[in-house]
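Okay, so here's the structure we're looking at.
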Ligand code: C2E
Ligand code: MG
Ligand code: MG
Ligand code: MG
């Protein structure tokens with residue numbers, strides 16, 4: 001790639017940049033502008049991926065996953081637009097919308113008699129950083145008339161670790177309110193075992209990258225079994241994420257995992273399909 005050197009205005013330092021990088025930046029800026037309009041234009045919606053007990057006999061809950069149906073780009077995955085939204089306060093607006101929408105869904109399930117079915121909601125690093133994070137969550141839950149134990153809040157290790165002293169009390173408050181806390185993508189961050197013990201966490205979600213090789217590597221089975229044992233020793237329940245194949249499911253069951261979320265049991269669903277699934281399992 002060609003490299004250009006540019007002298008910054010009035011300065012004496014030389015900066016290097018690549019045209020591809022510039023192009024990507026412009027493209028990102030356009031997408032961010034579109035993202036700002038997406039809330040007003042109702043372009044976001046949630047899908048709900050079922051979580052089952054590891055034997056598949058019982059539906060335990062759903063993880064709410066945001067989708068963007070953009071006028072300009074079509075369906076955009078959160079892996080692409082959440083990182084862009086996270087660059088600014090926009091993620092807080094989107095985060096509030098997700099929480100409110102997820103709570104509305106939870107309330108609907110409760111009204112239909114499925115109040116034992118949990119709804120898990122992903123929180124961004126910028127959201128938890130806000131001074132009014134806890135009040136915000138409480139207000140949204142109250143406004144939706146939803147019972148706190150039906151709501152699960154998903155955070156990542158790296159996010160908590162960024163500011164342990166401020167974040168732990170926030171999460172503890174939500175937990176005392178009755179909410180469930182899940183540690184998402186577990187194993188991909190800096191898992192300091194010292195801190196893990198002190199985190200207010202009800203569920204450990206083992207990242208998909210640990211599940212991927214479980215059917216072909218005995219070492220991987222041992223590693224996952226050890227993580228599960230550790231979590232159990234700390235009083236947590238374990239969720240395996242991204243279980244796709246039957247052979248992986250068998251291994252994860254042998255390891256003593258409590259819950260499974262993955263294509264082997266079901267992909268993210270529309271609200272209607274999620275409600276239908278609740279009815280089907282409510283017997
Ligand atoms: P995550 O929270 O770890 O969510 C799990 C992701 O794994 C979802 O991708 C889900 O569709 C996918 N998945 C589940 N089971 C399987 C499987 O068996 N195979 C494969 N290949 N994938 C599986 P998705 O919906 O694309 O979301 C990606 C990430 O975007 C999420 O990872 C989360 O970090 C973020 N995200 C999604 N919705 C929200 C949201 O409402 N707020 C925030 N802040 N982040 C969100
Ligand atoms: Mg998640
Ligand atoms: Mg995850
Ligand atoms: Mg993940």
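Details
- Pair residue 177, residue 161: separation of 7 Å Cα→Cβ label points (nm): 2.7
- Counted residue by residue at 0.36 nm each, then reduced by the alpha carbon distance between them, the extension gain from residue 198 to residue 58 reaches 47.4 nm.
- Sites residue 41 and residue 116, calculated FRET efficiency, Cβ-Cβ separation with R0 30 Å, nearest 0.05: 0.25
- Annotation: the residues 216, 140, sorted from fewest to most other C-beta atoms within 10 Å of their own C-beta, follow the order 216, 140.
- Going by neighbour counts of Cβ atoms within 10 Å, the residues 29, 194, 156 line up, fewest first, as 194, 29, 156.
- FRET efficiency, 1/(1 + (r/R0)^6) with R0 51 Å, evaluated for residue 218 and residue 32 via beta carbons: 0.65
- If the Kirkwood radius is taken over C-alpha pairs of the range 50-99, then at 25 °C and 0.890 mPa s the Stokes-Einstein diffusion coefficient equals 189 µm²/s.
- The value of relative contact order for the range 22-143, using C-alpha pairs under 8 Å at least six residues apart, is 23 percent.
- Relative contact order (%) - criterion: Cα under 8 Å, at least six apart; region: the chain: 17
- With contributions of -39500 (n - 2.57) from each DSSP H run of at least four residues, the per-residue ellipticity at 222 nm computed over the chain stands at -14000 deg cm²/dmol.
- Spin-label model, residue 139/residue 245: points 7 Å from Cα along the beta carbon direction are separated by 4.9 nm.
- Alpha carbon convex hull of the chain, volume per residue in cubic angstrom: 181
- Spacing of the modelled spin labels on residue 230 and residue 281, each 7 Å from Cα toward Cβ, amounts to 2.8 nm.
- Cα-based shape type of the range 88-209, given that a ≥ b ≥ c are square roots of the gyration tensor eigenvalues and the cut on a/c is 1.5: prolate
- Listed residues 91, 30, 128, most fluctuating in the chain (Gaussian network, C-alpha, under 10 Å): 30
- Footprinting exposure proxy ranking of 97, 89, 68, fewest other C-beta atoms within 10 angstrom first, gives 89, 97, 68.
Since every read-out is calculated from the coordinates, none of them should be taken as a lab result. In this text the structure is predicted, and so the values were computed from the model without any measurement. Note that we place each Cβ from the backbone using ideal geometry, even for glycine, and neighbour counts take in every protein chain shown.
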